[in-house]
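Since the structure comes first, as C-alpha cells, the remarks are kept for the end.
The values are calculated or read from the model by the stated rules, or taken from the named source; none is laboratory data. Note that the coordinates shown come from a computational prediction; the quantities given were computed from them, not determined experimentally. Cβ atoms come from the backbone with ideal geometry, glycine included; neighbour counts cover every protein chain shown.
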DNA sequence: CGTAGATACCTTGATAGTCAAGGTATCGTC
DNA sequence: GACGATACCTTGACTATCAAGGTATCTACG
C-alpha cells in the first residue's frame, strides 16, 4: 500500500542480518520469511535484496555458499559472520533509538516507546 | 551518534508536517524543536531540511510567509495546508505500520508494537 | 509435448533523498 | 572588531531503493 518504500532505507540490511540470526538462508527465502513474518507488512524487492546481500558480503558481515534449497534447486546460502553479529547488535540499537525518537514525535499518544537502558 | 542517518529517509517530511501541526514555525525553529523534543535523538541537517521544505511547498502541503522570528530576525514561516494535514495523517499511519513491522522482526522481545485499528 | 507458474538467481538505469561543505547576512556581546 | 548564534540558501557526491528486464530449473496440467 505504501506507494514506494523509501522508509526501508537503511533498515533492509538490519532486517536481513536479523533473519540470518535464525540460521542460514538463501536470498529468496530471506525475502519470503520477512514478508510472511510481517503478513506482507514488509515487501522485499529483489532489486533491493540482492544488491544488499552483495554489499554485506563485501563488508564481511555475511558469508555465502552454494547449496540446494528445500525444493532441490540450486541456491546461495548466507550466514552471519562474527562481524555481522556485532553489526546486527549495533544497528538494532540504532533503530530502536531512532524509532523511539520518531515515535515520540509522531505518536505521542500511544505508549509504545522503547526506553534505552 | 548514528553515523549517517539514512534512517531518516522518507521520515523527515512527516516529522516536519507534525511539527507544524503545533502551529506556524520557520525552518530553523523546526529543526531546533525536533532536536530539543528528542533530546538530540534526531539531528536535522540544514542541507536536508530546506530542500524538504521546498518540496513540500511545491506539492502544496505547506505554505510559506516571510515574517520576523522571536529574536526579531527575518524568517520564513511555514504552516500546514489542508492537503498537508491529510498527508500528515496518511504518512503517520504508514510509519506506524512500518515501525510495527520492523519492530516485530528486530525487537520481538519488547512489547512495544502498535496495532492497527 | 508444451506451456505456464513457481522457484531462484542476477543486472541495468532512473530516481530521489540525504549529507558535507560551502556561502550570505544580521544581531549581540566581549 | 571579532566571534558565535541566528536564519537562510546552494552545490556536488553519494547511496539505496525501485521498476523492469533477463536466465534457468522444476512441477503440474492439459
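Within region A:24-37, not a single residue is under 30 Å from residue B:31 (Cα atoms), in a loop (DSSP other than H, G, I, E, B) and over 13 Å from the mean Cα position of the chain (by Cα). From the list B:110, B:81, the one residue that fits, being more than 14 Å from DNA strand D (Cβ to nearest atom) and either at pLDDT 95 or above or within 22 Å of residue B:11 (Cα to Cα) (or both), is B:81. Residues in region B:60-75: is at least one assigned to a helix (DSSP H, G or I), within 13 Å of DNA strand C (Cβ to nearest atom) and closer than 25 Å to residue A:8 by Cα? Looking through region B:60-75, none of the residues is assigned to a helix (DSSP H, G or I), within 13 Å of DNA strand C (Cβ to nearest atom) and closer than 25 Å to residue A:8 by Cα. Within region A:63-76, no residue that is within 14 Å of another protein chain (Cβ to nearest Cβ) sits with its Cβ atom under 8 Å from a residue that is assigned to a strand (DSSP E or B) and more than 9 Å from DNA strand D (Cβ to nearest atom) at 6+ positions apart or across chains. Does residue A:29 satisfy being surrounded by fewer than 19 Cβ atoms within 10 Å (Cβ to Cβ), in contact (Cβ under 8 Å) with a residue 40 or more places away in the chain, more than 14 Å from DNA strand D (Cβ to nearest atom) and farther than 21 Å from residue B:9 by Cα? Spelling it out, residue A:29 is indeed surrounded by fewer than 19 Cβ atoms within 10 Å (Cβ to Cβ), in contact (Cβ under 8 Å) with a residue 40 or more places away in the chain, more than 14 Å from DNA strand D (Cβ to nearest atom) and farther than 21 Å from residue B:9 by Cα. Selection over region B:24-43 of residues that are in contact with a strand residue (DSSP E or B) (Cβ under 8 Å, 6 or more places away or on another chain) and away from chain A (no Cβ under 11 Å) gives a count of 7. Here region B:84-95 is the region considered, the condition is being at the interface with chain A (Cβ under 7 Å from one of its Cβ atoms) and surrounded by fewer than 20 Cβ atoms within 10 Å (Cβ to Cβ), and the residue that is farthest from residue A:100 (Cα to Cα) is B:94.
Which of the following residues is part of a helix (DSSP H, G or I), within 13 Å of chain A (Cβ to nearest Cβ), surrounded by 12 or more Cβ atoms within 10 Å (Cβ to Cβ) and touching a strand residue (DSSP E or B) at 6+ places or on another chain (Cβ under 8 Å): B:53, B:20, B:15? Matching residue, one of B:53, B:20, B:15: B:20. Among the numbered conditions (1) within 14 Å of DNA strand C (Cβ to nearest atom); (2) surrounded by 13 or more Cβ atoms within 10 Å (Cβ to Cβ); (3) at pLDDT 95 or above; (4) in a helix (DSSP H, G or I), the only one that residue B:44 does not meet is (4).
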